[in-house]
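Read-outs: derived from the displayed coordinates by stated rules, not from any lab. Bear in mind that the values here come from a model prediction, so they are computed numbers and not experimental data. Positions of Cβ are backbone-derived with ideal geometry, glycine not excepted, and every protein chain shown enters the neighbour counts.
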Amino acid sequence: MTRLADVVRTSAQVGATASRLAKSAALAERLRSLAPDEIEIAIPYLSGDIRQGKLALGYRKLPSPKAAAAATLTLREVDSVFEQLKITKGRGSASQRAELIDALFGKATAEEQNFLVRLIVGELRQGALEGVMLEALASASGVPAALIRRAAMIGGGIAPAAHAALTQGQAGLERFAIRPMRPILPMLAQPAATTRAALEALGEAAFEWKLDGARVQVHKAGDEVRVFTRTLNEVTAAVPEVVAAAREAASASLILDGEAIVLRPDGRPHPFQTTMRRLGRKADDASLRDTLPVSVFFFDCLYNGESLVDRPLRDRRRVLEEVIPAKTSRWVVTADPGTAESFYQDALHHGHEGVMAKALDAPYEAGRRGSGWLKIKRAHTLDLVVIAAEWGHGRRKGWLSNLHLGARDPAGGFIMLGKTFKGMTDEILEWQTRELQARAASRDEWVVRVRPELVVEIEFSDIQKSPQYPAGLALRLARLKRYRSDKRAEDADTIETVRRIHEQGLA
Ligand code: AMP
């Protein structure tokens, strides 16, 4: 039975060396020692996460009782306390939660207490470890890292793929094969400043209209059709128009990727919120369907009797045009800057957000912001993470108002790029005050520092040099466009993307 102390030791070994090989060896040794039901507990811990997600506990709520002399806590015990914390909610739960956490910390040694605090608060989280973890899993299971990565992308995370690889070897990964009715994480895009910059990065590329609606992944198997959102929630009942479109497609076994959007009779888009309202319905509503009909534009085909994700975009697009020609996104393939720019201007002219530029040779990279998809928007936006907020004054007294915005550092943590209090309605102020306080990590008179979890889409006019900020760069005229509850902090834009946009310059 693995003890918490074993994982703490491995985590310390990994942190103490800069050598990738040594990190991977330490992780592999630990992975080999795990019992099957410990795998999905330990893997998140080793990457600074917990499988329960968030426990809503900040530093202030964590006790520091006298440390235990001997390390006796097992992984299962810790996991079961986290599980109980997760389900203890509502009235009277505060004292029960305090008791649970006190008892856990009372059984921990000083090193374990220190580890638990940092684990619970999210301070140990290390996205950068993913590659090393895959190598370690490959070495511990004898399954090639590429296959495990693939299963992780499709299965929604490393832990389930690791469990299958470590307990059943390569054969265990079969259940992660791409198949209709098994939603997979959608491919994401990185921002580019201009169509010219996109062409420089990709060479000849496909440009498509970028519609500001809702991502839909549509699965079809014979008569059955199901529709999933970006976060893989099922919305089939809310969008009969999308279901009907898929039924008409000239193939019985499909996974399609596209955008659903409510358009006005003249073909221009309604605001994004209107599409969201339609998708938020639990059931079909005939009157809403009449007044706010949903259109769907497919831009990718991930499955047509067999998986297509490893095929280049040009092949996938060919299949798409064959199976559902009337419902594909508008696109052009070009290497010519003038053609790309006028295609982009045409999209804006029709009221759309911008264009996507896509590498014709790239596979479908499920769950990744692959370098094969670049988005170019009229309003320059970045997805950033709120790292702190300042109390407002005057009319905004009592509300957390000025947000501190951070870009993700691939090496870990977030780098502040500026602040904004613009673009917030009273409703947003109220909501964010509540949500940010629930994530408070520390506070003083002016500022509440928060766990970096909330993603905001920020519009800005430019990126400037600024000695005051840690990256030497700051956003000019930043403004909140919206909270992106469909994105996690790991999905936020990186500081490298920000540097690239700065170097390329904005049009
Ligand atoms: P963003 O949400 O700003 O990161 O932009 C990516 C989103 O744009 C995708 O998740 C889709 O919902 C949407 N989108 C609209 N048109 C396209 C398109 N032609 N190709 C890919 N994504 C698109």
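Tabulated data
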read-out: Total lysine pairs whose alpha carbons fall under 18 Å of each other in segment 188-377 (8 or more apart, or interchain); value: 7
read-out: Cα centroid separation, segment 306-341 to segment 63-89 (Å); value: 52 Å
read-out: Cα centroid separation - segment 11-48 against segment 352-417, whole Å; value: 30 Å
read-out: By average C-beta atoms within 10 angstrom, highest first, the peptides 310-317, 399-406, 345-352; value: 399-406, 310-317, 345-352
read-out: Between helix 130-141 and the chain: long-axis angle, C-alpha atoms, 0 to 90°, nearest 10; value: 70 degrees
read-out: Approximate shape of the chain as ellipsoid semi-axes (Cα gyration tensor, √5λ), whole Å, largest first; value: 39, 29, 23
read-out: Length gained when the stretch A244-E453 is fully extended (0.36 nm per residue, less Cα-Cα span); value: 71.5 nm
read-out: Cα-centre dipole for the chain with unit charges at Cβ (Lys and Arg positive, Asp and Glu negative), debye to 20; value: 1120 debye
read-out: Scaled radius of gyration (Cα, divided by 2.2 N^0.38 Å) that segment 4-175 gives; value: 1.06
read-out: For segment 188-377: relative contact order, % (alpha-carbon pairs under 8 angstrom, 6 or more apart); value: 35 percent
read-out: Rounded tilt (10° steps) of 495-504 against the dominant C-alpha axis of the chain; value: 40 degrees
read-out: Extended-chain gain in nm, criterion 0.36 nm per residue less alpha-carbon gap, H349 and K465; value: 38.5 nm
read-out: Scattering profile of segment 256-371 at q = 0.13 Å⁻¹ [log10 I(q)/I(0), Debye over alpha-carbon scatterers]; value: -0.64
read-out: Cα-based Rg and Dmax for segment 48-130, where Dmax is the largest Cα-Cα distance (Å); value: 12.7, 39
read-out: Tail fraction, Cα-Cα pairs, segment 1-94, threshold 19 Å, whole percent; value: 50 percent
read-out: Virtual spin-label span in nm between Q170 and R479, 7 Å along Cα→Cβ; value: 5.6 nm
read-out: Anchor K465: aspartates and glutamates whose Cα lies under 15 Å away (excluding residues fewer than 8 positions away in-chain); value: E496, E503
read-out: Peptides ranked, highest mean first, by Cβ atoms within 10 Å: ranges 373-380, 57-64; value: 373-380, 57-64
read-out: E321 paired with S95, simple spin-label distance in nm, labels 7 Å along Cα-to-beta-carbon; value: 7.0 nm
read-out: The chain, relative contact order [Cα under 8 Å, separation at least 6], %; value: 13 percent
read-out: 0 to 90° range, to nearest 10: angle between helix 158-168 axis and the chain longest Cα axis; value: 70 degrees
read-out: Reachable lysines, given that their alpha-carbon falls under 28 Å from the alpha-carbon of K66 and they are not under 8 places away in the same chain; value: K54, K86, K89, K107
